[in-house]
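Here it is, the structure in full.
Where a number appears in this text, it was derived from the coordinates with a stated rule and is not lab data. Note that this is a predicted model, so its numbers are computed, not measured. Backbone-built Cβ (ideal geometry, glycine too); neighbour counts: all protein chains shown.
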Amino acid sequence: MNPYVKYVLTKKNYELELLFENGEKRNFDLQPYLETGVFKRLKNQAVFHAARVVAGSVEWPGEVDLSYDTLYLESKPLENEGVDEELAIATGEGNR
C-alpha cells in the first residue's frame, strides 16, 4: 500500500508538489493528463490551483481526482527537506 498525500502545493506548468504521510516530498507532472477526459478542466488555472487533499488523494472541483497510488507511483522524488513553512501556511485546512 502506498502512502497517503498529506499536503499539496500547485506549481507552475501544471505540477504538484506533494508531501506524503511517510515524509517523502515528491513532484507530479499533470501535463500528460490535460488532454484526456475530465482532466481537460484543469487547464483552467483557477480550477487547477483549487487542488486539495481529501482522504489521502488530491481532488479538484467538479469531481476530478487522482488517487494516492497514482500520485505516488508516477511522481518523482524531491530532496526530502520536510514540509516547507510556506507550504504548511499556504495550504491551511483546505489543502490538508
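Residue separation times 0.36 nm, minus the C-alpha to C-alpha distance between LYS12 and GLN45: what's the value? Each step should come with its number before you reach the end.
Working: separation 33, 0.36 × 33 = 11.88 nm, distance 0.97 nm.
In short, 10.9 nm is gained.
Could I ask something else about it? Could you calculate the contour length gain from ASP69 to ALA55, that is, 0.36 nm times the residue separation minus the distance between their Cα atoms, to one decimal place in nm? Write out the running numbers ahead of the final one.
Numbers: separation 14, 0.36 × 14 = 5.04 nm, distance 1.22 nm.
Working it through step by step, the gained length comes to 3.8 nm.
Can you tell me the FRET efficiency between THR36 and GLU79 if r is taken as the Cβ-Cβ distance and R0 is 35 Å, rounded to the nearest 0.05?
Numbers: r = 31 Å, r/R0 = 0.87.
According to the calculation, E is roughly 0.70.
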